[in-house]
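Below is one structure, written out as structure tokens, with a few remarks after it.
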Amino acid sequence: MLLLLCMIGLLSNTSVMALAKKPSISQMEHRLAEIDSELSGLASFSMRSGVGTVGFRSADYPDPRHTEWIQIELGETAPVDQIVLVPAIWRDTKTGFQADGFPLEFKLIAGTDQSTNVVASFDATDNLLPRLAPLAVSFPEIQASWVRVEASLLSPRAWDGQYILQLSEILIFSETENIALRQPIKTSSTVIKEARPRIKDSLVDGFVPYEMNSAQGEQSIAFMSPPGIGNQPALSIDLGATLPINRIHLHTPELSDTVPQSSESGHGIPRRLLIEGANQPDFSDAVQLAEYQMKSIFDAGPIIMRRFTETSCRYVRLTATEPYFIDGAPEKSQLGFAEIELLSKGRNVALDKPAIGNFEIRPDRSFSSLTDGRNLYGTILPLRKWMNELARRHDLEAERPWIAHELHHRYERQKVNLRRMGWLAALLAAGIAFTILIDRMLRMKQVTAIRERFAADLHDELGANIHTIGLLGDVALKSMDTPERLENVLTRSRALTERTGTAVRHCINLQKANGLFGSLPDDMRRSAQRIMADTEYDIAIEGEEFLDKLKPKTRADLFLFFKESLVNISRHAKATRFNCRLIASSKEIFLEISDNGKGMSDSTNNEVPASLKRRAHLLGATVSAGLSASGGTRIALTLNPRRFRIKK
């Protein structure tokens, strides 16, 4: 039982210590539910298809410890509070899409001609890789006219293991505006014979390797005109009021939802597009806001972004001065966009505003899809929010497997603990049942012992007293003619009767009877005088000081053994003399009683009388019987006081 309780206590203490160091299961379950709930509302990863720019790639090295930097000149000092690094993406044949050439150790530095600030630094212990998402680094707003990414520990590119610095896009946000868009770039190294997809200007062209998939809102089919809409098709948007605008985002039509794609990259996008603003509906006061030119397929992407000088206008017109021609045929001009965003202080003021064109459209298409704020995936998000949601998704998706794994581990450990607790409970139940059984057996043994002692006490005390009273009665009959002797016999008989009454009243526990037992030597001599009145005897006692150290119960049992021995001599031996020798020491108590009577018959084979054997058993002593030197019977009792702790 004690062992089982200790094991349970140890298990409990171990669990408490473990939980003190780690979050509880309920906390982890709650956190997992929080992650799943937040993930359901975040933008998802949808990778671009088709052809496009990859980003910038530095010179390559055989080892990682080299310094490479990229610096973006902002043109003028502006407040900056976030930098976003978009990794170049590699399609791994085993693990799928992964960042390629993303630095392991780098600093983000921003400054002006008068100041330099390290706004963030990272090393390999930050575990930024593997990743697919942009890294969004926010910091307290500072003034900056340039921003530098300075890498000191490079990572290997996938296809040959050479160490490089490679990024797809760098975005620098001043509130909601990406002020890095199409700004000048400086780099520490330049790859000889740079390929068009990896020139340094690709870092700020506004093209990222993702399609905007907010996973929220209803889908919207991109606007696509019918073929043959003329040599200069135009679209115009009425903002409803004169507003200052400084940026336009042109969301290109989705290429195709088939594999392989059925449309070429840049389908429906003009090769040259003029963007004008006006406050008159006929554009008689039109001013040029921006111009877009597609010199190659690398100038197109999911979102074409252009910044321009802030201009206040109500009407905006987009004219395809060089439209897209299907299969290069001039008679098959076509124009298409998924959405047109016009931004004023970071807000899309073209949302849900009326749009029209100078050409007819098919019944299954509508100009309203150009300003409904949605694409094929759902709601279109502000650029900064989109990048931050992708970065947040990466963090949560990196955290979730750890929590799920830890929860699974905890659940498995709980199952093991439950099995252990089941076994412990079974063992505990068996232990309790065993304890009850042992207790019942001990109680039965105790009851048996009580009955045995009760019978022995009745036999040895009461039986001896009654036998003595009978002897005294015989003496009294013989003393009828001697009054003095008769009076003495009657007095002794009266005293013995009172002793017998006391013994009867305390028959359950004789040693507690007040006045029933006194000094063991005195009691032995008194009983010898009463029981063996007409018999010569000699009682020798050694070590009385050790006898006084015995428990009362032990002294009472020794006395009753002696008394029963005398009764047996008186009844059966026909002896004229007996001798008693009691020797007590710290190690042993030895009691020997012998007589000169008729001895034990051959049939008994020196067997100890049952009453004496019973009393010796109660004492925990050994007893033997044999012939005495005078031919009578010899009873010997040996008791070890230490063995059964029968000393006081």
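The values are calculated or read from the model by the stated rules, or taken from the named source; none is laboratory data. Nothing here was measured: the structure is a model prediction, and the numbers come from that model. Cβ sites come from the backbone with ideal geometry, for glycine too, and all protein chains shown count toward neighbours.
Taking region 293-308 as the range and being assigned to a strand (DSSP E or B) and surrounded by fewer than 17 Cβ atoms within 10 Å (Cβ to Cβ) as the test, the residues that pass are Gln293, Phe308.
Have a look at Leu167, Leu128 and point out the one that is in a loop (DSSP other than H, G, I, E, B) and of a type outside the set (Asp, Glu). Show your work before the answer.
Working: Leu167 fails: in a loop (DSSP other than H, G, I, E, B).
Going through Leu167, Leu128 in turn, the sole match is Leu128.
The number of residues in region 345-383 being part of a loop (DSSP other than H, G, I, E, B) and of a type in the set (Phe, Trp, Tyr) comes to 2. Does Ile229 meet the test of being touching a strand residue (DSSP E or B) at 6+ places or on another chain (Cβ under 6 Å), assigned to a loop (DSSP other than H, G, I, E, B) and over 18 Å from Gly301 (Cα atoms)? So Ile229 fits the description; yes.
Residue-by-condition table, conditions (1) farther than 14 Å from Val147 by Cβ; (2) touching a Ser or Thr at 6+ places or on another chain (Cβ under 7 Å); (3) assigned by TED's automatic domain parsing to the domain that holds Ala151:
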| residue | (1), (2), (3) |
| --- | --- |
| Ala78 | no, yes, yes |
| Leu85 | no, no, yes |
| Gln98 | yes, no, yes |
| Lys107 | no, yes, yes |
| Ala120 | no, no, yes |
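Tell me yes or no: at least one residue of region 384-400 is surrounded by 16 or more Cβ atoms within 10 Å (Cβ to Cβ), among the polar types (S, T, N, Q) and not in a loop (DSSP other than H, G, I, E, B). Yes, region 384-400 contains a residue that is surrounded by 16 or more Cβ atoms within 10 Å (Cβ to Cβ), among the polar types (S, T, N, Q) and not in a loop (DSSP other than H, G, I, E, B).
The residue of region 540-579 that is nearest to Arg614 (Cα to Cα), among those that are touching a strand residue (DSSP E or B) at 6+ places or on another chain (Cβ under 9 Å) and among the β-branched types (Val, Ile, Thr), is Thr554. Just one residue in the set Lys587, Lys551, Lys598 is under 60 Å from the mean Cα position of the chain (by Cα) and more than 21 Å from Ile469 (Cα to Cα); that residue is Lys551. Which number in (1) over 60 Å from the mean Cα position of the chain (by Cα); (2) among the aliphatic types (A, V, I, L, M); (3) at pLDDT below 95 marks the one condition that Met294 misses? Exception for Met294: condition (1). Within the set Pro79, Pro103, the sole residue that is closer than 22 Å to Arg393 by Cβ and at pLDDT 95 or above turns out to be Pro103. Being in contact (Cβ under 8 Å) with a residue 60 or more places away in the chain, outside any loop (DSSP other than H, G, I, E, B) and acidic (Asp, Glu), is that true of even one residue in region 53-68? Yes, the conditions are met somewhere in region 53-68. Answer yes or no: is there a residue in region 156-168 that is in contact with a Leu (Cβ under 7 Å, 6 or more places away or on another chain) and within 27 Å of Gly378 (Cα to Cα). No - not one qualifying residue is present in region 156-168.
Annotation: Asp113 fulfils all but one of (1) over 37 Å from the mean Cα position of the chain (by Cα); (2) modelled with pLDDT of 95 or more; the unmet one is (2). Looking across region 64-102, the residues that are small (Gly, Ala, Ser) and out of contact with any Leu (no Cβ under 9 Å at 6 or more places or on another chain) come down to Gly75, Ala78. Contact map, region 94-110: residues that are surrounded by fewer than 19 Cβ atoms within 10 Å (Cβ to Cβ) paired with residues that are of a type in the set (S, T, N, Q), Cβ distance under 8 Å, separation 6+ or inter-chain. Pairs shown: Lys107/Ser121; Lys107/Ser152.
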